[in-house]
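**Student:** First, the structure itself, so that you have it in front of you.
The numbers here are math on the coordinates, done by the rules we state, and not lab data. All values derive from a computational prediction rather than experimental measurement. Cβ placement follows ideal geometry from the backbone for every residue including glycine, while neighbour counts extend to all protein chains displayed.
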Amino acid sequence: MTKRPMAGDDSADTEAGPTLSVPPGSPAAKLFDIPFMQATGLQCLTCDPVRSVFRLEPQNWVRAAEPGRFDPGALTAIIDQLSSSAIWGRYGPELPHATISLNAEFLARLDLKTLRFESQIAAEGDGLAHIALEVRCEDTDALLAKASAMFFLGSYASGAKGRDASDFANLGPSSAQNFENYLGVEEQGGTAILPFRPRLVGSLDPMALHGGAIAAGLIHGAHLALPKDSTHTLKRVTIEYLKGAHPADTSYTGHIVNAGRSSTVVSVEGRQGETRLIATALARFADFSNN
């Protein structure tokens, strides 16, 4: 496995943590150049034209505020990235592509156990690729989540110019104690705010926020719309990416569409500034207390 040494973070969370690792010569080495992924500790098992398989051990940065659980926003962020790795395996890491939509369904409580992510291209044509992904518990092989993503092949989403890319590379491991801390999320009047920080960057040229960071912000915004005493947890989320996200602050505001005893549906909008709508999501929360 290749393990690249890293420099310091953009914040104080620079304590040593798990190291991103990939097989020598793997197209998944592209992950080393993506700031949002550098501290994840993901282990690439294979990334070839047929499938992409990664392993993730429990660690602090993916923890939910609730003890002993993965944050569903963290897993959705990883799903976004590892869907992209299926394209790397088929076409190589240099093919430009951008996420159009992402759907993730969580089938059980997300206990902190070692996970295995497997993705593959399910269909492609007319400049689009449809990716199917499964998340399983490595110990039991239980299916914990399944997802699908649609990508536009041939170009990246729009980004920003004029920033020094060297400020965003090799950020190093993170000692964040949970995923909210890793994101740097803030709350203002029921809206989730993600102040820009280099850790959230997904593309250096053009400079743009990572789609996984946007997905996580949308999910956090949806959570804030729930009643404080709600026992519902995320069951399903469908995300539509509308514009490339510039390296700037983003806000995520959710509104309850329907609330019932067994489930709650929340609509969320992600914006940069007051008028620039970059993404939307529809999230369904359900009660996993009997699972």
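**Student:** Give me the extension gain from T275 to L112: residue separation times 0.36 nm, minus the current Cα-Cα distance, reported in nm with one decimal.
**Tutor:** Length difference between fully extended and current span is 54.8 nm.
**Student:** I've got another one for you. What's the tally of Lys pairs in the chain whose alpha-carbon atoms lie under 18 angstrom apart, where the two lysines are 8 or more places apart or on different chains?
**Tutor:** Pairs that pass both the separation and distance tests number 4.
**Student:** Specify which residue in the list P35, A149, A77 is farthest towards the positive end of the charge dipole of the chain, using unit charges on the beta carbon of Lys, Arg (+1) and Asp, Glu (-1), about the Cα centre.
**Tutor:** A149
**Student:** Continuing with this model, one more query. Which value in deg cm²/dmol, rounded to the nearest 500, describes the helix-derived mean residue ellipticity at 222 nm for the chain, given -39,500 (n - 2.57) per DSSP H run of n ≥ 4 and division by the residue count?
**Tutor:** Values: 3 runs with 40 residues, N = 291.
The helix-only estimate for the chain comes to -4500 deg cm²/dmol at 222 nm.
**Student:** Can you quote the Å³ per residue value for the convex hull of the Cα atoms in the range 57-120, rounded to an integer? If you can, show how the numbers build up before the last one.
**Tutor:** Working: hull volume 6.7 nm³, N = 64.
Looking at the range 57-120, the number lands at 105 Å³ per residue.
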